[in-house]
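Please read the structure below before turning to the comments.
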Amino acid sequence: MCLLDDIYTDEEIKEFALSGLSRVRDEVLERLFTPEEIVEIKKRRKERVDAENARRDAADEEERKQLEQEAALKLELRKKDAQERRREWYRKRRRSRRNKHK
């Protein structure tokens, strides 16, 4: 496994860290930045991760709602089908009783 500081220069690592796109080890941060900058970098990274997690949660919630709607629709269709079958059974039963007494 290779690390950022094995492949990239200090300037490139600084760019990655400042953009918040890449996670940089604490040892590397301590070597390249002041404590105030490190706090700001970690804050940006956390905000980015939180925003991504919120986006994923919203997508998951939307998918869950859609699945619930589909399940409710299927249940409603099954109920209607069962009612129709019951009505048909009673119609046939009434017809057969009428025909027996003639």
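The values are calculated or read from the model by the stated rules, or taken from the named source; none is laboratory data. As the structure is a prediction and not an experimental result, all values here were calculated from the model. What goes into the accessible areas is simple: the full protein's heavy atoms, side chains included, and nothing from ligands, DNA or RNA. Shrake-Rupley method; radii C 1.70, N 1.55, O 1.52, S 1.80 Å.
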### Query
How big is the chain in terms of Cα radius of gyration and Dmax, in angstroms?
32.5, 103
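As a test of the formula, what do you get for the chain when each DSSP H run with n ≥ 4 contributes -39,500 (n - 2.57) and the sum is divided by the residue count, at 222 nm and rounded to the nearest 500 deg cm²/dmol?
Numbers: 4 runs with 87 residues, N = 102.
-29500 deg cm²/dmol, from helical runs alone.
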### Task
Please give the per residue accessible area of region 37-102, computed with a probe of 1.4 Å over protein heavy atoms only, in Å².
97
### Lys pairs, the chain - Cα-Cα below 30 angstrom, 8 or more residues apart or on other chains
12
### Message
If each residue of separation counts as 0.36 nm, what is the full-extension length gain between Thr9 and Glu70 once their alpha-carbon separation is subtracted?
### Response
16.7 nm
### Task
Roll a 1.4 angstrom probe over the protein heavy atoms and tell me the percent of accessible area of the chain that is carbon or sulfur.
50
